[in-house]
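Since the structure comes first, as structure tokens, the remarks are kept for the end.
The values are calculated or read from the model by the stated rules, or taken from the named source; none is laboratory data. Everything numeric in this text was worked out from a predicted model, so none of it was measured. Note that we place each Cβ from the backbone using ideal geometry, even for glycine, and neighbour counts take in every protein chain shown.
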Amino acid sequence: MVHHKKTAFLKFFFTYFISVALLILVSGFFYLQEMKSQLIKSQHFSLIEYARTIKMGGDMSRFSNDFHNKLVFKNERLDIRNFSQVENEFIKYIPTKMDNRYLKVFKSKTSFIEAMKKLKLKILFTQLFLLLIFAIISYILAKNALKPLNESIETLDKFAKDLIHDLNTPITAMGLNIKLLEKQECNKNSKPFIRLKKSINVISELRETLTTLLEKKTFQVCKTDICTIVKDVVELHQVNYPTLSYKVNCSSFEVEINSNAMKQILQNIISNASKYNKKNGYVKIYSKNKTLYIEDSGVGIVDTTEIFNREYSKQNSTGLGLDIVKRLAQEMNIKVEVTSNKNGSCFKLNF
Amino acid sequence: MNILLLEDDEILAESLIDLFEVEDFKITHVTDGNGVLDSTFENSFDLYLFDVNVPVLNGFELLKSLRESGDSTPCIFLTALSDVASLSLGFDVGADDYVKKPFDFDELVVRIKALIKKRYNSYKEKIRFENLSFDLLKDELYKDDEFIPLPPSELKLTKLFFKNIAKTLAKEYILDELSNISDGSLRVHINKLRKLELPIVTVKGVGYRFGSS
């Protein structure tokens, strides 16, 4: 469940945060544009003021070294609103009483650039501050929004756990009674008895897998040699399928896993490989480049994309096995790949 | 061997009793905490098999109070609680073993036998002393491999002596273990056992001793 919770949380968080962040960035951009044009206007205005002081005669000491002027000839008529900028100066032409003569006033850009720099910094910090606030808000929102969902998941989990817990006692009783019946000679070879025994085994195996699955939350992973687990599982199957040949080529392969869960995964895959095998077939297990291969000479799988679905099931199976493999592998960050043809299938576990 | 089984699931308890019968274990079955307190008051047992989630007093509390009152009978918990916290609590209150459901019956029997043998400081199921031998699991005394039937009090006394070969036992301790019989009847039982040629020595002012050192 932890995996799903994380994805749901991240999805919610980023959808909200990115949309708000976009809004903040765009408005910040337009604010910068607006402020910039205002600054330019004020430069324009200061040039007019400078020209007027020259023409009317006034206190020139108000104007710093940034300003200077000269008289120029211009043949065409200039718009009174003219204003332009070159590399490091603002320029404006002011008409004079003399024909075709204009007063050209200049102002250095230094103060403007300084002001722009300040403005940009101010906007940048405001935006960062806003983004931080909205990141916190998105976090709290995502947490709160997912709370009821998490609670219902937890209730379901707990319910499943209690249910499995309550299965323990009757399963024990079934096992004990099978043992009692086994002691009576007449039962030993009776078909209904053998069928009953097999069914009880299936139930206890299912209980075991479900227990591992529900313990995912308290999953502890540690460096473990997979080969020993492989050998254990193979040994169990060798007894049940004496006609199959099991070839294990695995010496030392250490990975971060939970050994219980890994055992379940291998159990499920190898049990399928054995169950759907040909007469005198083989099951090969070997490791190569951080990958464990389980190859069989079985009947093959028609549609390999379907098999991990809960609904997919073959004769004599619950369809739960590979679904469990998928969930457990996901929890331990193991990638499972399957290739299959008429001559067999190959499961690759990529660590 | 006397076993007290605390299990509230009727079906599981009945199945266990049937299986233990094959092993020649005597089972007293109770379904709740009160039952345990009553039967431990009336009888002494060689082993307790306790479920944890039972009515009235749960298994952990029960064993804790039994241990606090000085009862050191070996105890195995049979429980569906499989987490480490419960396991650790089980051993904390004084369990000798902890078996998780579903368990394998044969495994349980192996564990029970091991516990009993440890109790008698022995590695074998039969303790031999000179020409006498005592079967721990069946509670039977043999002399030159011949079964000697004993009445309950004398059997208890014999068991006590075989548990403490070559150790002096205080009279008070023996009386206490035999559910408070009188001083006089203890002397009668000891004399009867001596007639069966059990080497019991009187240690003056202290008590008795089985086998000289």
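Figure legend. Inter-residue proximity from the range A:45-64: first residues farther than 17 Å from A:I91 by Cβ and touching a residue at least 24 places away in the same chain (Cβ under 8 Å), second residues among the aromatic types (F, W, Y) and surrounded by 10 or more Cβ atoms within 10 Å (Cβ to Cβ), beta-carbon distance below 6 Å, spacing 6+ or different chains. No pairs are indicated. Scanning the range A:59-73 for residues that are loosely packed, with under 13 Cβ neighbours inside 10 Å and part of a loop (DSSP other than H, G, I, E, B) gives A:D59, A:S64, A:N65.
Looking at A:L130, A:L176, which is the one that is assigned by TED's automatic domain parsing to the domain that holds A:Q33, in contact with a helix residue (DSSP H, G or I) (Cβ under 8 Å, 6 or more places away or on another chain) and assigned to a helix (DSSP H, G or I)?
On inspection, the qualifying residue turns out to be A:L130.
Determine if the range B:71-81 includes at least one residue that is without any contact (Cβ under 8 Å) to a residue 40 or more places away in the chain, closer than 18 Å to B:V36 by Cβ, surrounded by fewer than 14 Cβ atoms within 10 Å (Cβ to Cβ) and under 18 Å from the mean Cα position of the chain (by Cα). Checking the range B:71-81: at least one residue is without any contact (Cβ under 8 Å) to a residue 40 or more places away in the chain, closer than 18 Å to B:V36 by Cβ, surrounded by fewer than 14 Cβ atoms within 10 Å (Cβ to Cβ) and under 18 Å from the mean Cα position of the chain (by Cα). When restricted to residues that are under 22 Å from the mean Cα position of the chain (by Cα) and surrounded by 14 or more Cβ atoms within 10 Å (Cβ to Cβ), the range B:82-99 contains 8. B:L137 meets the conditions (1) touching a residue at least 60 places away in the same chain (Cβ under 8 Å); (2) in the same structural domain as B:L6 (by TED's automatic domain parsing) in every case but one. The failed one is (2). Comparison of B:K171, B:K143, B:K204 shows that the only residue that is free of Cβ contacts under 8 Å to residues at least 60 places away in the same chain, under 24 Å from B:D24 (Cα atoms) and outside the structural domain of B:D71 (by TED's automatic domain parsing) is B:K143. Within the span defined as the range B:158-181, one or more residues are more than 24 Å from B:M1 (Cβ to Cβ) and of a type in the set (A, V, I, L, M). The number of residues in the range A:231-263 being more than 31 Å from the chain's Cα centre (by Cα), closer than 25 Å to A:N289 by Cα and not aromatic (F, W, Y) comes to 12. May I ask you to list the residues in the range A:62-84 that are farther than 14 Å from A:K97 by Cα and charged (D, E, K, R)? Within the range A:62-84, A:R62, A:D66, A:K70, A:E76, A:D79, A:R81 qualify.
Please return the ranges of helices (runs of 4 or more DSSP H) entirely within the range B:10-94 where 1 or more residues are more than 12 Å from every other protein chain (Cβ to nearest Cβ). If you could, list the steps in order and put the result at the bottom.
Values: elements: B:10-22, B:33-42, B:59-68, B:84-92.
Answer list for the range B:10-94: B:33-42, B:59-68, B:84-92.
Taking the criterion of being within 28 Å of the chain's Cα centre (by Cα) and touching a residue at least 24 places away in the same chain (Cβ under 8 Å), the only residue of the range A:269-289 that qualifies is A:I269. Any chance the range A:312-327 includes a residue that's assigned to a loop (DSSP other than H, G, I, E, B), at pLDDT 85 or above and either outside the structural domain of A:R207 (by TED's automatic domain parsing) or within 26 Å of A:K5 (Cβ to Cβ) (or both)? Within the range A:312-327 (the criterion being assigned to a loop (DSSP other than H, G, I, E, B), at pLDDT 85 or above and either outside the structural domain of A:R207 (by TED's automatic domain parsing) or within 26 Å of A:K5 (Cβ to Cβ) (or both)), the answer is no, since none of the residues qualifies. Taken over the range A:162-196, the criterion of being in contact with an Asp or Glu (Cβ under 9 Å, 6 or more places away or on another chain) and within 14 Å of another protein chain (Cβ to nearest Cβ) is satisfied by A:T169, A:P170, A:T172, A:A173, A:G175, A:L176, A:N177, A:K179, A:L180.
Can you find even one residue in the range B:111-132 that is under 22 Å from A:P170 (Cα atoms), of a type outside the set (D, E) and within 14 Å of chain A (Cβ to nearest Cβ)? Scanning the range B:111-132, I find no residue that is under 22 Å from A:P170 (Cα atoms), of a type outside the set (D, E) and within 14 Å of chain A (Cβ to nearest Cβ), so the answer is no. If you go through the range A:100-144 and keep only what is hydroxyl-bearing (S, T, Y), surrounded by fewer than 16 Cβ atoms within 10 Å (Cβ to Cβ) and over 13 Å from A:F17 (Cα atoms), you end up with A:S108, A:T110, A:S111, A:T126.
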